[in-house]
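The values are calculated or read from the model by the stated rules, or taken from the named source; none is laboratory data. Bear in mind that the values here come from a model prediction, so they are computed numbers and not experimental data. Here the Cβ positions follow ideal geometry from the backbone for every residue, glycine too, while neighbour counts run over all protein chains shown. To get the accessible areas, we keep the full protein, side chains included, count just its heavy atoms, and leave off ligands, DNA and RNA. Shrake-Rupley method; radii C 1.70, N 1.55, O 1.52, S 1.80 Å.
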Amino acid sequence: MPRLATIGALAVVGFSIALVLWFESVESPRRVDPAPRGIVDDVDLEASTPLLDADPPASDASDVATASPPTTSRKQILRGRLVGVAGPFPERPTLSIASVSRAEEWVTFSKTIRADAAGTFEADVSDLFVAMDVARLEVSADPSELITGSASVDVPESASEGGEFQVDVPVSSATIVVGRVVDDAGEPIAFAVVRLWKTPHGVPSGSILTAQTTGPSGRFTLRAGDGGSVFILALAPGRRSAGEFVGARPAALTDAHDLVLDRGYAIRGHVANADQKPFAGAHVRAVIDGPARGVSIGGTMELVGDRAVTTQFDAFADNEGRFELTGLEPAAYRLSLAGLQSSAYPEGKKLDWGVVAPADGVELSVPAPAWIELTVRSEEDPPPNALVRLFRDGQAIESRRIIGVTSLGVFPGAFYEIRVSCDHYEEERVDVVAPAAGEKRTVAVTLEPLRNPPGIVIDLTGPDGKPITDARFDLFAADAAWPAWERGTSSEKGHYRLAELEPGRYRLMIEPGTIEEASANWFVPTIDDLEFVRNGGERVIEVRALVGGRLRFVAHDAEGRPIRAQWRVLEPSGRSVLGSGLTSPATLEGVTGRVLPPGSYVVECSADGWTPRTAEAAVVAGETGVVDLTLQSP
């Protein structure tokens, strides 16, 4: 019975399949698609005659819902050529294309392409027009190539719908310098560094334009961008540097320059420590003695005539304490031990020896230091953050902040002055004679509280006589505009206390902020000569805010279109700038400046591509005036 049931089920399934195949063989009306799904023919579907008058069968409803809508689009194509240098260009120069926004005037998208050997190029730049209104396209040659130059093409507002643009890019030959770095026997020097500077005024100017490290062959190839004379310099450890001025030349790898680096002169010697044993690893530094002999070209390099001279050399002593400084000039040098210039042995900064190169058998001996152990006490015991300064022969040797105790390494038998100061305490000075080498002398200093503690309290009120809370205070040194010495805000009573300042003169700027709508135009005059005297006692300075006004700035062209322009507000004399900013390129509502005292002012307005304007403006207390400036094309 189970077998018969199985056979019956299979028969039913077979009959069903046969019935389905018979229905599929019968032709039925079908909708004819005008194109494969996802592909749109270039036809006007709205104007064309429908392919079927009747609605399609329900079974095709899903096809109608997923069919791609008809669209039309055009590309933006940029074509151009390089002019000014005769081709061919076998290396196919690299070009950079950038789009500049019409609204903001800043580069938004860019891409790189290559010109062909004839110097012509064609590129699809549609991707540079994505989601923006392009004002122009800028094309420039890569300055590292054999040519350099740039050009731009204006883009009409209709270009977003597609278009073709043509541009000629004027280019010129780049300066190419090739050569080798060799020793005085003509053998190549590997791992030498070759640097290149521009020489617009006959001397290397600005930062290094390009640099390269030589390989085993000692060869180098430097591209200087646009044409013009340059200065090249080769450096290698233990050798004198060599440089050369190179005139402008076409883009050809010719006229090789050999830069010869010789061993120069040397200073050799030995370093011994305080126990007269070899000072292994001692850092010996040699610096040319006397004033500069040439023009600085960065770091420790000077240009003397047509030669580059290194002014500082370093070497390290071996396990036997021996050192060798090579590549020196025949000149006087000051030798020092850089490793001793630490806070543990501050007098190590004063250890130096005068030597004339070349020299052999130079002996550098480090004397064993004596030690001064300083203990600082006060009623707080110990005082917080005391400043200790060490002087010898009137010159400051060391300055450090301590809490309680510190040790100073000094020269045996030398005379010193120690000065200790701390906030709220009188400065103490003590003279000390250093003990013998290796010995320690203990010195104790007790700080006394200030007899008349200094302090300045600013009492800030508004025009209505009420205290101004949370006003911002910026304190500057009288002769500096930045950085601020101290910053803070006023208390609920409108008070701000200045204390713990170094004696001197200061400038205090106060910004009252906006407490309510009525105070939006308040301002506080700057206190330009605020004197802080040690032991001067506490004093109160009453400051009252005044009612000022503001100016709103609008810049546009003759047709009323807004322009992004720089504005400045000056005193009538034109000596002091009281405010500056940028107008909006998108609206004529204007940009409001800071609060100013009532009176007359001069306003300057400028923008790239427009003739600058100067106008007079009046500030009225409690009001915001509008400065409307129309800029003209030059």
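Miscellaneous remarks
- Here the condition is being of a type in the set (A, V, I, L, M), touching a residue at least 24 places away in the same chain (Cβ under 8 Å) and assigned to a strand (DSSP E or B); of Ala286, Ala280, Ala274, it holds for Ala286 alone.
- Hey, Gly581 open to solvent by less than 30 Å² (accessible area, probe 1.4 Å), in contact (Cβ under 8 Å) with a residue 60 or more places away in the chain and more than 21 Å from Phe476 (Cα to Cα) or not: no
- Residues within the stretch 390-411 that are part of a loop (DSSP other than H, G, I, E, B) and surrounded by fewer than 17 Cβ atoms within 10 Å (Cβ to Cβ), tallied: 4
- For Asp431, the requirement of being outside any strand (DSSP E or B) and open to solvent by 50 Å² or more (accessible area, probe 1.4 Å) is not met.
One line per residue, one yes/no per condition, for (1) surrounded by fewer than 15 Cβ atoms within 10 Å (Cβ to Cβ); (2) at pLDDT 90 or above; (3) assigned to a loop (DSSP other than H, G, I, E, B):
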{"position": "Ala308", "(1), (2), (3)": "no, no, no"}
{"position": "Glu320", "(1), (2), (3)": "yes, yes, yes"}
{"position": "Leu325", "(1), (2), (3)": "no, yes, no"}
{"position": "Gly339", "(1), (2), (3)": "no, no, no"}
{"position": "Glu347", "(1), (2), (3)": "no, no, no"}
{"position": "Val355", "(1), (2), (3)": "no, yes, no"}
{"position": "Val362", "(1), (2), (3)": "no, yes, no"}
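- Residue check for Leu460: open to solvent by less than 20 Å² (accessible area, probe 1.4 Å), under 41 Å from the mean Cα position of the chain (by Cα), closer than 30 Å to Glu492 by Cβ and in contact (Cβ under 8 Å) with a residue 40 or more places away in the chain: yes
For (1) outside any strand (DSSP E or B); (2) within 41 Å of the chain's Cα centre (by Cα); (3) among the aliphatic types (A, V, I, L, M); (4) within 26 Å of Phe391 (Cα to Cα), each residue gets a yes or a no:
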residue	(1), (2), (3), (4)
Val443	no, no, yes, yes
Ile456	no, yes, yes, no
Arg487	no, yes, no, no
Tyr496	no, yes, no, no
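- Taken together, Ala386, Ala359, Ala370 contain a single residue that is touching a Gly at 6+ places or on another chain (Cβ under 9 Å) and farther than 29 Å from Asn273 by Cα, which is Ala386.
- Evaluation of Ala586 against the conditions (1) of a type outside the set (Phe, Trp, Tyr); (2) at pLDDT below 80; (3) open to solvent by less than 30 Å² (accessible area, probe 1.4 Å) shows that the sole unmet condition is (3).
- Residue that is modelled with pLDDT of 90 or more and aliphatic (A, V, I, L, M), where the choices are Leu196, Leu235, Leu261, Leu222: Leu261
- Pairs, first closer than 11 Å to Val543 by Cβ and touching a residue at least 40 places away in the same chain (Cβ under 8 Å) in the stretch 465-476, second part of a loop (DSSP other than H, G, I, E, B) and open to solvent by 10 Å² or more (accessible area, probe 1.4 Å), C-beta under 8 Å, six or more apart: Ile468/Gly513; Ile468/Ile515; Ala471/Gly513; Ala471/Val524
- Failed item, numbered, when Glu516 is tested on (1) within 36 Å of the chain's Cα centre (by Cα); (2) at pLDDT below 80: (1)
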